[in-house]
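The values are calculated or read from the model by the stated rules, or taken from the named source; none is laboratory data. All values reported here derive from a predicted model rather than from experimental measurement. As a convention, Cβ positions derive from the backbone with ideal geometry for all residues, glycine included, and neighbour counts pool all protein chains shown. These area figures cover heavy atoms from the full protein model, side chains too; ligands, DNA and RNA do not enter into them. Shrake-Rupley method; radii C 1.70, N 1.55, O 1.52, S 1.80 Å.
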Amino acid sequence: MAEKNERDDFLGKEESMESIEIPMSEIRPFRTHAFKVKDDDRMKELVQSIRENGVLNPVLLRPLEKGVYEMVSGHRRMHAAKLAGLKSIPAIIRAMTDDEAIIAMIDSNLQREEILPSERAFSIKMKMDVMKRQGKRSDRQRIGKSETCETTSTTQWWKSETAAAIGESENLGRTQVRNYVRLTELTEDLLDLVDQKKLPIVIAVEISYFGEELQRWIYSYIQSNGMIKKSQLAALKQFNYENLTEFSLIQVLNDAVAVQPDSGKIVLSPRTLDKYFSKSVTTEKRQEVILDLLEQWKSGRKRTRE
C-alpha cells in the first residue's frame, strides 16, 4: 500500500525529475515506436554496464490506466535491464497526451549517435503527422469550421512549412525531409537494404513511388543483380503497370542497361595524364598539348587519304 501511495503522490508532480522503481511487468512498449532495439555489441555493453552499475538514467513513462504504464523513452535500457536479470527499473512518470508522447519519444531517441535511415524516416513522418494535426486544429479554431473541414491552405501548410520546421530542428533541408518521409512507403525488405547501405536513398526514393508488388519484384531483381540504376527506373515508369509481370519487369530493367546511348564524353583522369606530363604542367597547358597533337593526327590522316 505504501508503494501505491508513493506512486499516486508522484503522479501529481507532472514535471518532477525524481524517479521511482516500476516493475517491468507493468510497462508496455510505445504503440508506434519508430526505433529498433537490437541485440548487437552496443547492447551487450549496455547489459554489462547495468549489471555492474544498475540503470543510471531512468526511463520516461506515461500512465495509461491503473497499474499500467507506456514506455516513452528508454526501450533499449529496459531491454538491457531484462537481459541483466532485473525485474524493475527506475522511471520518471509524466502525464502526456498522445502527441506530446510521440514528440518526446522521437526527440529523446534522435539524441543517439547512430540513427538508421529507417528510424529517421518513421520518426520524421510521425513528427510531421503530429504537426499536421496541430495545424488543422489551429486552423479550425481560427476560422470556426467543423471538425471535418480541411482547407487548401492547411494542406499546403503541412506540406511546406512543417517540412521546413522539422528540417531546421533536424539539421536537414526540406527536400531531405520529404525524401525521408518517402522511405516510409518502401517494403520492409527494401528499407532494410537502405539501412544496410546497399541501396542509396536517392534510388530508394524513386522506388517508393511504385506499388508494393512492383517493389517486391524490384527487390528480387536487386538480390539477383546487385544494384539498380535511376535510368532503369526511368525506363520502368514508361510502362503500363497493370500489364506488367515480373518477367517483363526484368526484361525492361535489363534492356535499359543494355541500350545506353554513347554520350561522346571522354574523361582523362589526372593519374592517366601524369604518365605523359610532369605534375608541374598546368591543366591549361596539358589541354593545349593534347589539342595540338590531335590536330597533327588529323592532318596526318588527311595526307594519307590524299
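Side notes on the structure shown:
- Ranked by solvent-accessible area (1.4 Å probe, protein heavy atoms only, all chains present), the residues 66, 198 order from largest to smallest as 66, 198.
- Loop-located chymotrypsin sites (Phe, Trp or Tyr not before Pro) across region 201-243 with a Cβ neighbour count of 12 or fewer within 10 Å are 209, 239, with loop assigned by DSSP.
- Residue pairs, from the table 36/125; 197/230; 82/125; 36/82; 36/127, whose Cα atoms sit over 19 Å apart: 82/125
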